[in-house]
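Participant: Handing you a structure now.
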Amino acid sequence: MTHDVKIKTLTVALTGNPNSGKTTIFNKLANARESVGNYPRVTIAPRERLIEHRGRQIMLVDLPGIYSLSARTPEEQAGRDYIHFKRPDVVINILDSGNLDRSLFLTTQLIEMGCPRIHALNMFDEARRKGISIDTPALVSMLGGPVIETVATTGEGLDLLLDAALEIADPATPPHPSVSVGYDAHLEAAIERVRTQITELHPQEMSAQQSRWLAIKLLEGDDEILTREGEHKELIEQVGTERATFKQHHDESCELAFAAGRYGFIHGLLMEARTVSAEIPDEAMLHTRVDDILLHRWLGLPILLGLMWVMFETTFTLGAYPTDIIKSGVDALSGLLGGILPDSMIKDLLLNGVLAGVGGTIVFLPNVVILFFFLALFSETGYIARGAFLLDRLMHLFGLHGKALIPLIMGYGCNAPAIMATRTIEGRRSRIITSLVTPFMCCSARLPVMMLFAGAFFSAHAGSMVFAMYLLSIVTALGSAILFSKTVLRSMPEPFVMELPPYRLPSIRAVLFHMWENAAGFLQKVGSVILVGSIVIWFLQEFPREITFSQNYDAALTELASQPASDERVSEEERLTAERDREKLEKSYLGRIGMAVAPVFEPMGFGWKDTVAILTGVVAKEAVVASYAVLYAQSKESEGLMSAISGTMNPAQAFAFMVFALLYLPCLATIGAIRREAGSWKWVGFSVAYSLGLAWTLALIIVNLGRVLL
Amino acid sequence: MQNSQMEAVTLADLGPGQSGCVVKVADDALGHNLAAMGLVRGATVSLNRTAPMGNPRIYAIKGYQLSLRNEDARKVLLRLS
Ligand SMILES: Nc1nc2c(ncn2[C@@H]2O[C@H](COP(=O)(O)OP(=O)(O)O)[C@@H](O)[C@H]2O)c(=O)[nH]1
Ligand SMILES: [Mg+2]
């Protein structure tokens, strides 16, 4: 490869309506694995990837979906600002071929902006199945840019897309004859008058197309453009008069007239370039039948609940099999190392620190993977959007938006990206409420804690116990939302405008990618935070080495050894050894830290070990289990961690601990996400204080109820 | 609001299986948003489905399904067809 020829990297941005397949195309081209999902709006912030095509470097940018260039939610703004202000070299406008009427609305605005663009007729397979045929060559001249048929899921046409991007970016290529969206005579006259004024103010600076675009934007009342032209008082004044007169004469604002005009243009264009077969395809009939059931007025909600239950039950039961295999693998490794390594501190660190912590956490990998399989399935098929529709009214009662369902469900996977997904919600207050309550959702990192405790204390009903925790997490989230919306974040009702995507068979690749991505994320965390955490905890519990014991155990033991052998002697020896180990642990650094904080949990009767586990969980929730694993590694017998902890609490306390661990604090990554989305540390502080207070109070109530009832 | 048109109904009044033609959309942020989604003067719209508690509802517009709350759907005036 030669490095002497330096050609500028080409920036190619993918834009289009939500759910048009941008991320799928981005993934295919970049070979990356961003999260795709069949509900509107999964890409939340612009994402970039450098790729190479025919020897040319291309910076590919996946933008959040937008329906129009006049943005309303923050994520739409991100998508729009990129096109408006960053001005990528080429814009690839992804269109849903089965839904061109609405997809082309954004295109009309891109045409007016005059950015170099390529149109991808994506989902061409679906269009074909719907009996839609499109005269692609006719579209090329009508849209003023290359039009390419693509199927993102199979990769069909994607290379042609990049070829076309290189071609139109090449200065040697003759530009496509420019086209313009025509409006009715009154609007055109107004545009012309404003344009004349603009050309007077910016002489020679702008092409005819640019000044027309500016005139239209001004007439549409685009705030940002109006501020940009703020210094031209006469212009602003003229635009104001034009808008007022138009509205007076036509009983319709300029904005609405432009929107109607654009749809009129699209209608005309599709009359020529598209034919739709009259018969309703079987597939559409089938989708309607499926919706008849899933969106049924009485059955819809029970089915939703049932599907959620199946998801958690399967996560638990099916996950048990591979978990057993991993567990025996870890045990075998531990036995092997124990056999070959000479006794030393290193051996102890490896076995009781690293292997206990990492091994204790990694056994939950199958559960995490299965959970993400279901989440991917729900989002890929288009079911989540239906859930949002079914639950909107209910959510509304709780001061939440129907779209809050998406972050809440995503929260079952991982809270941090889930909170980022709140950007799809229109209103600011509603958005903040959602980011404050999402951390209550029992994320996959908390799953191991729940499983450990459910298995150790409620083994007969472990699956139901975990499901109960999931229910509690959503109840807490909703309950808190209602509280917030009635008090600190009293909110106005906000509109709920959501496209219902068609059902799509999930592509196995996409689902596998999604599972792999999250499994890899989990493993990465185990390999970093959990590994380091386990080592740190091991050191903290091993040091200081010099401890002044309350009695001389060694002397007592030696003395015992000289006595004649008896059952009594053995049990006394065991008692003394256990006593010594306990005291050693309590006087270690870890013990001291735990003891210092333990009074906080005194009312619940949690010990200092539980305290330590709780403290480490702040960094990452998986660390709770890892801490237990390291703390009990010494006393661990063949039955493992579950039996080691099973005697340490009564059922009420165990339940209280589960509730506390579920609710107590967002982890560090989540705190960062709240800070970003809610926009201030004030809300982070609020979230921390509220969740700690709530978790502590609930745990206390449970323990005391247990005292009364048990 | 209703006196000027004889048959002025809103999108929220549409019954099951009924369809109508958009006459007017409210001139506010939501109205502009709805217009961008295809609810413009002259567009045909029909009611597809209703959620468990009667709200929101799903409409067929421009060949796709759009879900709206009834309070938002009132921003759209229709002529029944
Ligand atoms: N049949 C079919 N499905 C597609 C195609 N492109 C994307 N999809 C599916 O459409 C859904 C939305 O895709 P996504 O890339 O997340 O859309 P985005 O919101 O524009 O980023 C996913 O379920 C994809 O698997 C296509 O060309 N054909
Ligand atoms: Mg996307």
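The values are calculated or read from the model by the stated rules, or taken from the named source; none is laboratory data. Fair warning: this is a prediction, and the values are worked out from it, not measured in the lab. As a convention, Cβ positions derive from the backbone with ideal geometry for all residues, glycine included, and neighbour counts pool all protein chains shown. Heads up: the accessible areas ignore ligands, DNA and RNA and are worked out on the full protein's heavy atoms, side chains in. Shrake-Rupley method; radii C 1.70, N 1.55, O 1.52, S 1.80 Å.
Participant: Each residue of the range A:664-671 in order: what ³J(HN,Hα) in whole Hz does its phi give by Karplus 6.51 cos²θ - 1.76 cosθ + 1.60, θ = phi - 60°, with x for Gly and Pro?
Facilitator: 3J(HN,Hα) across the range A:664-671, in whole Hz: 5, 7, x, 6, 4, 4, 5, 4.
Participant: Shape call for the range B:2-80 from the C-alpha gyration tensor, a ≥ b ≥ c root eigenvalues: rounded (a/c under 1.5), prolate (a/b greater than b/c) or oblate?
Facilitator: Here the range B:2-80 falls in the rounded category.
Participant: What percent of all Cα-Cα pairs in the range A:505-635 falls in each 10 Å bin, counting up from 0?
Facilitator: 11, 29, 24, 18, 10, 5, 2, 0
Participant: Whose amide H sits under 5 Å from the amide H of A:Met498, counting only residues 5 or more places off or on another chain, with H placed in the peptide plane?
Facilitator: Here B:Ser67 satisfy the definition.
Participant: Quick one: check the C-alpha center-to-center distance for the range A:305-337 versus the range A:487-550, whole angstrom.
Facilitator: 18 Å
Participant: Leaving out ligands, DNA and RNA but keeping every protein chain, what accessible area does A:Phe655 have, in Å² rounded to the nearest 10, with a 1.4 Å probe?
Facilitator: Here the residue's solvent-accessible area equals roughly 70 Å².
Participant: Quote to one decimal, in nm, the extra length available between A:Glu283 and A:Arg545 on full extension: 0.36 nm per residue of separation minus the C-alpha distance between them.
Facilitator: Taking 0.36 nm per residue and subtracting the Cα distance, the gain is 87.2 nm.
Participant: Per DSSP helix of 4 or more residues, -39500 (n - 2.57); summed, then divided by the residues of the protein assembly as shown. What does that give at 222 nm, rounded to the nearest 500?
Facilitator: -18000 deg cm²/dmol
Participant: May I ask you to rank A:Leu299, A:Leu710, A:Leu377 by accessible area, largest first, using a 1.4 Å probe over the protein chains only?
Facilitator: From most exposed to least exposed: A:Leu710, A:Leu299, A:Leu377.
Participant: Semi-axes, largest first, in whole Å: what does sqrt of 5 times each Cα gyration tensor eigenvalue give for the range A:185-252?
Facilitator: Taking √(5λ) for each Cα gyration eigenvalue gives 19, 13, 10 Å.
Participant: Quote the accessible area belonging to A:Phe372 in square angstrom, nearest 10, computed with a 1.4 Å probe and with ligands, DNA and RNA left uncounted.
Facilitator: 20 Å²
Participant: Does the range A:10-169 come out rounded, prolate or oblate, given a ≥ b ≥ c as the square roots of the eigenvalues of its C-alpha gyration tensor, rounded meaning a/c under 1.5 and, failing that, prolate meaning a/b above b/c?
Facilitator: rounded
Participant: What three numbers, in Å, describe the spread of the alpha carbons of the protein assembly as shown along their principal axes, ordered from the longest?
Facilitator: 113, 71, 56
Participant: Turning to a different aspect of this structure: When the Karplus curve 6.51 cos²θ - 1.76 cosθ + 1.60 is applied with θ = phi - 60°, which whole-Hz ³J(HN,Hα) does each residue of the range A:267-280 get, with x for Gly and Pro?
Facilitator: 4, x, 5, 6, 4, 7, 9, 9, 10, 10, 5, 6, 6, 7
Participant: With all protein chains present and a 1.4 Å probe, how do A:Glu573, A:Glu126 order by accessible area, largest first?
Facilitator: These residues rank, largest area first, as A:Glu573, A:Glu126.
Participant: Moving to a separate point now. Mind checking the mean number of beta-carbon atoms from other chains within 10 Å of the Cβ atoms in A:98-105?
Facilitator: The shielding value for this peptide is 4.
Participant: Between the range A:123-175 and the range B:27-72, how far is it from one alpha carbon centroid to the other, in angstrom?
Facilitator: 30 Å
Participant: Something else about it: Can you compute the charge dipole magnitude of chain A about its Cα centre, using +1 on each Lys and Arg Cβ and -1 on each Asp and Glu Cβ, nothing else charged? Give it in debye, rounded to the nearest 20.
Facilitator: 860 debye
Participant: What length, rounded to one decimal in nm, is gained on full extension from A:Arg428 through to A:Glu188, with 0.36 nm per residue of separation minus their alpha-carbon distance?
Facilitator: Contour length minus Cα-Cα distance gives 82.7 nm.
Participant: Tell me the label-point distance for the pair A:Thr241, A:Tyr553, using the 7 Å Cα-to-Cβ offset, in nm and rounded to one decimal.
Facilitator: Label at A:Thr241, label at A:Tyr553, 9.4 nm between them.
Participant: How much length is gained if the chain between A:Arg676 and A:Leu692 is pulled fully straight, taking 0.36 nm per residue apart and subtracting their Cα-Cα distance, in nm to one decimal?
Facilitator: 3.7 nm
Participant: Next question. Count neighbours as other Cβ atoms within 10 Å of each site's Cβ, and list the GluC sites (Glu not before Pro) in the range A:229-274 that are DSSP loop with at most 14 such neighbours.
Facilitator: Loop-located and lightly packed - A:Glu231.
Participant: Tell me which trypsin sites (Lys or Arg not before Pro) from the range A:282-362 have a DSSP coil assignment and no more than 16 other beta carbons within 10 Å of their own.
Facilitator: A:Arg297
Participant: If you don't mind, another one. Can you give the FRET efficiency for A:Val488 and A:Ala596, using 1/(1 + (r/R0)^6), R0 = 35 Å, r = Cβ-Cβ distance, to the nearest 0.05?
Facilitator: 0.60
Participant: Rounded, prolate or oblate: pick one for the range A:548-587, where a ≥ b ≥ c are the square roots of the eigenvalues of its C-alpha gyration tensor, a/c under 1.5 means rounded, and failing that, prolate if a/b is larger than b/c, else oblate.
Facilitator: It comes out oblate by the Cα gyration axes.
Participant: If you don't mind, there's one more thing I want to ask. At 1.4 Å probe size, what's the solvent-accessible area of A:Glu517? Round to the nearest 10 Å².
Facilitator: 70 Å²
Participant: Please list, ordered by chain and number, the residues whose modelled amide H lies under 5 Å from the amide H of A:Glu156; skip anything fewer than 5 residues away on the same chain.
Facilitator: A:Val151
Participant: If you average the C-alpha positions of the range A:653-710 and of the range A:345-398 separately, how far apart do those two centres end up, in angstrom?
Facilitator: With the range A:653-710 and the range A:345-398 each reduced to a Cα centre, they are spaced 19 Å.
Participant: Long-range amide H contacts for A:Thr11: which residues qualify at under 5 Å (H placed 1.01 Å from N, peptide plane, sequence gap of 5 or more or a different chain)?
Facilitator: A:Met59, A:Asp89, A:Val90
Participant: Can you list which of the trypsin sites (Lys or Arg not before Pro) found in the range A:422-531 are DSSP loop residues with at most 15 other C-beta atoms within 10 Å?
Facilitator: A:Arg490
Participant: Tabulate in residue order the Karplus-calculated ³J(HN,Hα) for the range A:349-354, using 6.51 cos²θ - 1.76 cosθ + 1.60 with θ = phi - 60°, rounded to whole Hz; enter x for Gly and Pro.
Facilitator: 4, 5, 6, 8, x, 4
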